[in-house]
């Protein structure tokens, strides 16, 4: 009986020592649950940030120095596209699809 | 994950919806195609149609000549640019010729557009702005 008690005590101490040394592990099933709430939160933060960014960029006029030469267009450039210029750069298609007489197509 | 992707795509959609940079000159003028496409709604008379066609015809003959010359001068410039080393003085002189022709094309086009605009009443111009 005494031996049993000693053994029980020894195992209990061992368990205590083990418990102190073992790091806490989160339940594996808790992880997706947490992620499920995290994704919309991240998305909401991203959304708010982009809305703020767009709002600021639209309300604040870009400084003159910030206008980049690649995006600048000469205000009179549209005048180089003259009326009817597409007519002189292509050949008209007079009859795109001829009826196939061999098959008796009279349409 | 889908929500995050949607959030990332949202700014692209926002920028896509942004109004295009305003054309400071073109928005006050009306291309002949637009006028003729809405000739009935504008209530154009036969004499107006004839006058418009006449102006467009005169401008088009000039355009054809100028664009032909511009193409030839541009080809010459391309040949100069293909040389190594490139002759800066010759290239700039050639560029001046090309740009002078571009200026003539723009001037002819602007003359046409201003004349067409002056043929329209303020009411017709307002109507075209709405139809644009």
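Quick note: the coordinates plus some simple rules give every number you see, no bench work behind them. Keep in mind it's a predicted model, so treat the numbers as computed, not measured. Counting neighbours? That spans all protein chains shown, and the Cβs are built from the backbone with ideal geometry, glycine included.
Please find the FRET efficiency linking residue B:36 to residue B:97, where r is the Cβ-Cβ separation and R0 is fixed at 41 Å, and quote it to the nearest 0.05. Working shown, then result.
Values: r = 34 Å, r/R0 = 0.83.
Calculated transfer efficiency: 0.75.
State, to one decimal in nm, how far the label point of residue B:51 lies from the label point of residue B:71, with both points 7 Å from Cα in the Cβ direction.
3.4
For residue A:89 and residue A:24 in one chain, what is 0.36 nm times their gap in residues minus the Cα-Cα distance, to one decimal in nm?
The residue A:89-residue A:24 span can extend by a further 15.8 nm.
In nm, to one decimal, how far is the modelled label at residue A:37 from the one at residue A:2, with both set 7 Å along Cα→Cβ?
5.6
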